[in-house]
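Novice: Take this structure, written in structure tokens, and hold onto it; I'll ask about it next.
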Amino acid sequence: MKVTIDNITIDVEPGTTIMNAARQIGPHIAPPAMCYYEPLKASGGKCRGCLVKVTAGSEKDPRPMPKLVPSCITQVQDGMIVENTINEQVLETRKGIVEFLLLNHPLDCPVCDQAGECHLQDFSFEHGVSKTRTVEERNTFEPVDLGPYIKLNMNRCILCYRCVYTADQITDGRVHGVMHRGDHAEISTYIEKAIDNDFSGNVIDVCPVGALTDKTYRFKSRVWFSKPEDASCSCGKCSGKVTLWYRGDEVIRVTARKNEWGEVKEFICNTCRFERKKTSDWTLEGPTKIARNSVISANKYGASTIKPAFPLQQAAEQYKKIDDSRDRSFLAPQKQLN
Amino acid sequence: MKILTEHIDVQGIETIDVFRKHGGYAAVEKALKKMTPDEVTEEVKKSGLRGRGGAGFPMGMKWSFLAKPEGIPRYLVCNADESEPGTFKDHYLMMKSPHTLIEGMIVSSYALGANTSYIYIRGELMYVATILEKAIQEARDKGLLGKNILGSGYDLDLHVQLGGGAYICGEETALLESLEGKRGNPRNKPPFPAVKGLWQCPTVVNNVESIAATSWIVNNGGDEYAKIGIGRSTGTKLISVSGHVRKPGVYELPLGITVEDFIYADEWCGGIRDGHKLKAVVAGGSSVPILPAELILKTTNGENRLMSYESLSDGGFATGTMLGSGGFVVMDETTCIVHNTLTFGRFYHHESCGQCSPCREGTGWMDKVLYRIEHGQGRQEDIDLLVDVAKKIEGNTICPLGDAAAWPVAAAIRHFRDEFEWHINHPEKATQKGAVFMREGASWSL
């Protein structure tokens with residue numbers, strides 16, 4: 001099936017969503033995903049951040065779709081033409097979505113553990129406006145403990161339902177869910193029951209914001225001061241494939257491995273995540289590949305960051321020798337004033 | 001011309017004996033014994049009956065979309081979750097004459113080939129649910145429900161399910177979720193219920209009034225039904241009138257009478273209460289755009305506006321509105337539009353399910369801004385802010401609740417902007433009890 005997204009045509013399997021087709025083209029075309037999480041069935045369609053304009057429905061029926069469609073759950077048709085970043089209406093709507101998501105968000109990034117790896121931060125940086133129009137008081141909730149390992153800060157939640165689907169699909173018996181309606185809706189364990197399950201920690205990894213955080217890691221470090229290393233162990237319960245986050249020689253956090261879209265394909269158990277915090281527990285596999293534009297890669301290691309091939313190639317091709325014939329007198333030491 | 005409410009005031013019409021004496025269940029006998037399911041569907045298609053729940057989608061067409069794979073059950077669900085502020089027609093019909101609905105349910109289920117059907121009724125109407133349960137039991141005792149109805153070999157089980165009291169469960173996919181025992185969040189579409197509905201089986205969801213009308217169509221033929229009404233607005237419509245008219249209540253009217261007649265004729269609402277004048281009308285339940293007196297009586301072409309789907313939406317949202325679910329709210333000059341808009345805004349804020357971000361956050365935001373304006377804390381930029389927020393919600397949400405929340409706010413500002421400005425510029429006057437802005441030269445000033 002041929003689909004054209006932002007004037008780039010790609011051939012995809014039938015049944016592919018617009019989002020996944022765009023992801024196959026590349027990250028600069030892929031719409032932002034705040035609630036969609038590929039490994040979780042039925043996720044998506046809620047945040048409306050990925051709305052795109054379909055200017056031609058298909059080869060057979062080239063009429064445009066009347067409304068913007070959520071790209072994460074809309075399947076492509078043969079000959080579909082989609083506009084994402086080149087459509088004014090889409091960009092304007094995304095500004096609105098960022099505004100809505102931040103409306104009751106505390107903007108407490110300076111003290112939030114998620115800062116630096118927060119999807120909402122990235123989304124608002126890329127698509128938001130710098131000014132706020134709201135003067136209203138924000139809805140607030142008290143932070144609560146969901147058992148010994150997980151802290152819930154509902155103020156930051158964007159109700160993406162990812163953690164609900166995670167608990168549904170990878171654990172046996174979900175004990176938390178969404179209570180109440182509208183902007184009072186909150187993630188909650190009914191009557192503050194603890195989440196007690198071997199795979200409960202994965203809700204931390206799927207959370208796009210800092211609503212669910214690891215209590216063993218809280219306030220220990222900013223994420224950009226830590227250094228991720230891939231490691232594995234032979235764990236009976238899970239794949240044992242993790243990312244260890246080092247500060248100096250100390251493992252300060254263990255997470256599942258995330259792909260370039262921030263998605264976990266292999267979920268890990270709580271023992272790996274919360275108990276195994278010594279290097280001796282693990283077989284190291286080398287530094288984690290981190291996107292070059294991520295703050296996590298800042299000032300760390302040149303070799304393992306993912307470098308886009310194209311600019312380097314271009315730079316190499318257009319390399320010119322420095323012309324030394326210029327007037328260099330201005331480089332001579334200046335006379336000191338006074 | 002009355003179809004649904006012809007015998008509604010007969011003593012004891014809620015009992016099956018009286019109901020049958022007045023021609024009840026004739027449609028069931030006719031359909032099950034003399035017609036095939038496809039013939040019933042064909043009659044409904046011919047009738048041009050449009051969904052009475054608000055969207056006005058042709059019912060026969062909706063039925064024909066129903067997927068019919070072998071070996072998979074199909075369901076008919078009656079949407080009796082009538083919760084739109086201003087709309088109370090289904091409530092009245094079910095309360096007074098429950099058998100009218102049950103007869104329609106049997107005929108419609110037969111047409112769709114459904115062997116289990118549900119009436120999903122809002123939780124607040126528990127006593128109506130009791131009335132329906134009793135009527136269903138009576139019908140079952142007479143062999144009109146259950147196995148082998150009237151010896152035709154057709155089986156039907158009919159269940160009444162109470163909702164938990166959420167407006168959102170009137171949205172068809174949220175209703176299905178709720179019926180399955182889950183949280184009433186609307187589903188993403190596609191797939192549509194006609195393909196994957198209740199328990200992932202093909203399902204048709206129809207409004208009470210639409211289903212009730214099918215028995216008359218079976219009895220008298222679709223062509224006969226199509227003769228009533230005007231153009232593509234065929235048949236009769238129940239309109240629930242509230243507000244400042246002499247005779248509020250539920251009226252059944254043939255589509256196509258003029259709005260002016262409907263408001264002022266003694267046969268219908270009997271005019272505005274004494275000593276007052278018509279200011280504005282919300283014609284189809286709180287979600288549809290409000291229209292000022294001039295625009296509700298006449299379209300911009302100077303034609304009389306009619307009670308029909310087409311005429312009420314004439315002029316688009318700029319100068320028109322919608323027939324919606326038939327909640328006709330009439331306001332006289334003592335009504336403050338800002339206050340009224342706040343009431344609607346608060347309702348949608350309260351009823352948003354919170355699943356998708358524009359509706360969850362936007363309804364709350366609009367409510368808070370409207371509250372400030374109403375209470376004398378408005379800022380000049382708030383009016384444009386409201387318009388912009390409404391625009392950003394509209395069309396970007398999973399279900400129509402977002403649109404329903406945005407339209408009344410946008411329309412109130414479109415037609416009564418001066419009233420909002422007066423509230424912002426004169427907070428000390430506007431916050432006084434009963435203070436209403438009076439536009440100079442307006443048709444509603446006394």
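Novice: Setting aside same-chain residues fewer than 8 positions from B:K34, which lysines have a Cα under 23 Å from its Cα?
Specialist: Result set, ordered by chain and number: B:K21, B:K45, B:K46, B:K68, B:K142, B:K147.
Novice: Which percent of Cα pairs goes in each bin when the distances of segment B:16-227 are cut into 5 angstrom slices starting at zero?
Specialist: Histogramming segment B:16-227 at 5 Å steps yields 1, 8, 16, 21, 22, 18, 10, 3, 0, 0 percent.
Novice: Only sites in a loop by DSSP and with at most 14 other Cβ atoms within 10 Å count here; which GluC sites (Glu not before Pro) in segment B:355-446 make the cut? Walk me through the numbers before you get to the answer.
Specialist: Numbers: sites: B:E361, B:E374, B:E381, B:E394, B:E419, B:E421, B:E428, B:E440; in loops: B:E394, B:E440.
Hits after loop and neighbour filter: B:E440.
Novice: Okay, moving on. Could you work out the Rg to Rh ratio of segment B:1-57, with Rh taken as the Kirkwood radius (inverse of the mean 1/r over all Cα pairs)? Show your work: numbers first, answer last.
Specialist: Working: Rg = 14.2 Å, Rh = 13.5 Å.
Taking Rh as the inverse mean 1/r over Cα pairs, Rg/Rh reads 1.05.
Novice: Given axes a ≥ b ≥ c from the Cα gyration tensor, I'd like to know whether segment B:352-395 is rounded (a/c under 1.5), prolate (a/b larger than b/c) or oblate.
Specialist: Details: a/c = 3.90, a/b = 1.71, b/c = 2.29.
Verdict is oblate for segment B:352-395.
Novice: Just want the ordering: B:E180, A:E88, B:E103, from fewest to most Cβ atoms lying within 10 Å of their own Cβ.
Specialist: On the way: B:E180 12, A:E88 9, B:E103 29.
Taking fewest neighbouring Cβ atoms as first place, the list is A:E88, B:E180, B:E103.
Novice: Would you mind checking which residues have amide H under 5 Å from B:G229's amide H? H placed 1.01 Å from N; only 5 or more apart, or other chain.
Specialist: Amide H to amide H, under 5 Å and 5 or more residues apart or across chains, B:G229 pairs with B:G235, B:L255.
Novice: Starting at 0 and stepping by 20 Å, how many percent of the alpha carbon pairs of the protein assembly as shown end up in each bin?
Specialist: 14, 40, 32, 11, 2, 0
Novice: Something else about it: Strictly greater than 17 Å: what percent of every Cα pair in segment A:133-245 meets that?
Specialist: Working: 3830 of 6328 pairs.
Within segment A:133-245, distances greater than 17 Å cover 61 percent of Cα pairs.
Novice: Please report the equivalent ellipsoid semi-axes of segment B:224-310, computed as sqrt(5 x eigenvalue) of the Cα gyration tensor, largest first, in whole Å.
Specialist: Numbers: eigenvalues 88, 49, 29 Å².
Semi-axes (√(5λ), whole Å): 21, 16, 12.
Novice: OK, next. Separation between the B:Q137 and B:A435 pseudo-spin-labels, each 7 Å from Cα along Cα→Cβ, expressed in nm?
Specialist: 5.7 nm
Novice: Okay, next question. State, as an integer percentage, the relative contact order of segment A:2-95 based on alpha-carbon contacts under 8 Å between residues 6 or more apart.
Specialist: Numbers: 181 pairs, mean separation 31.8, N = 94.
Contact order relative to length: 34 percent.
Novice: Cα-Cα pairs above 21 Å in segment A:1-111: how many percent?
Specialist: On the way: 2130 of 6105 pairs.
Pairs farther apart than 21 Å: 35 percent.
Novice: Kirkwood Rh over alpha-carbon pairs of segment B:337-430, then Stokes-Einstein at 4 °C and 1.567 mPa s: what D in µm² s⁻¹, rounded to an integer? Intermediate results must be reported in sequence, preceding the final value.
Specialist: Values: Rh = 12.9 Å.
My calculation gives 101 µm²/s for D.
Novice: Using only Cα atoms, find the angle between the long axis of helix B:401-425 and the longest principal axis of chain B, and express it within 0 to 90 degrees, rounded to the nearest 10.
Specialist: So the inclination is approximately 20 degrees.
Novice: With only alpha-carbon atoms counted, please give the Rg and Dmax of segment A:220-318, in Å.
Specialist: Looking at segment A:220-318, its Cα Rg and Dmax stand at 15.2, 54 Å.
Novice: While we're looking at this one, here's another question. Amide H neighbours of B:I119 under 5 Å, at least 5 residues apart or on other chains, H built in the peptide plane: list them.
Specialist: Distant-sequence amide H within range of B:I119: B:C78, B:H159, B:V160, B:Q161.
Novice: Restricting to Cα pairs below 8 Å that are 6+ residues apart, what does the relative contact order work out to for chain A? Please round to a whole percent.
Specialist: Working: 585 pairs, mean separation 42.2, N = 338.
Worked out over chain A, it gives 12 percent.
Novice: Could I ask something else about it? Expressed as a whole percent, how much of the Cα-Cα distance distribution for segment A:39-189 exceeds 19 Å?
Specialist: So the pairs more than 19 Å apart make up 63 percent of the total in segment A:39-189.
Novice: A further question on this structure: Using only alpha carbon positions, build the gyration tensor of chain A, then give the equivalent ellipsoid semi-axes as the square roots of 5 times its eigenvalues, largest first, whole angstrom. Walk me through the numbers before you get to the answer.
Specialist: Values: eigenvalues 242, 192, 105 Å².
Value: 35, 31, 23 Å, ordered largest first.
Novice: Rank these for me by crowding, B:W63, B:W365, going from fewest to most other beta carbons within 10 Å.
Specialist: Working: B:W63 22, B:W365 25.
Exposure proxy ranking, most exposed first: B:W63, B:W365.
Novice: Hey, another quick one. Hey, with R₀ at 22 Å, roughly what FRET efficiency would B:A265 and B:S443 work out to, going by the Cβ-Cβ distance, to 0.05? List each step's numbers first, then the result.
Specialist: Numbers: r = 19 Å, r/R0 = 0.87.
After rounding to 0.05, the efficiency reads 0.70.
Novice: To continue, here is another question. Helix B:126-141: angle to the longest alpha-carbon principal axis of chain B, degrees 0 to 90, nearest 10?
Specialist: Helix B:126-141 and the main axis of chain B meet at about 20 degrees.
Novice: So for chain B, averaging the separation of alpha carbon pairs under 8 Å that are six or more residues apart and normalising by length, what relative contact order in percent results? Before the final figure, lay out each step's value.
Specialist: Values: 938 pairs, mean separation 69.6, N = 446.
Averaging sequence separation for qualifying contacts and normalising by length gives 16 percent for chain B.
Novice: Sticking with this one: How are the alpha carbon pair distances in chain B distributed across 20 Å bins from zero to the largest one, expressed in percent?
Specialist: Result returned by the calculation: 25, 55, 18, 1.
Novice: Partner chain Cβ atoms within 10 Å, averaged over the residues of B:347-359 - can you pull that number for me? Don't jump to the answer; show the numbers that get you there.
Specialist: Working: counts 0, 1, 4, 3, 2, 5, 5, 11, 10, 9, 17, 9, 4.
What the average comes to for B:347-359 is 6.
Novice: Shifting gears a bit: As an exercise, find the ratio Rg/Rh for segment B:327-387 from alpha-carbon atoms, using the Kirkwood inverse-distance average for Rh. Numbers along the way, then the final one.
Specialist: On the way: Rg = 12.7 Å, Rh = 12.5 Å.
The Rg/Rh ratio comes out at 1.02.
Novice: Counting other beta carbons within 10 Å of each residue's own, what order do A:V223, B:V107, B:V204 fall into, fewest first? Can you show the working numbers first?
Specialist: Details: A:V223 19, B:V107 29, B:V204 26.
By the 10 Å Cβ count, ascending, the order reads A:V223, B:V204, B:V107.
Each value in this text was obtained by applying a stated rule to the coordinates, not by laboratory testing. Note that the structure is predicted; figures quoted are calculated from it, not measured. Ideal geometry is used to build each Cβ from the backbone, glycine not excepted, and the neighbour counts take in all protein chains shown.
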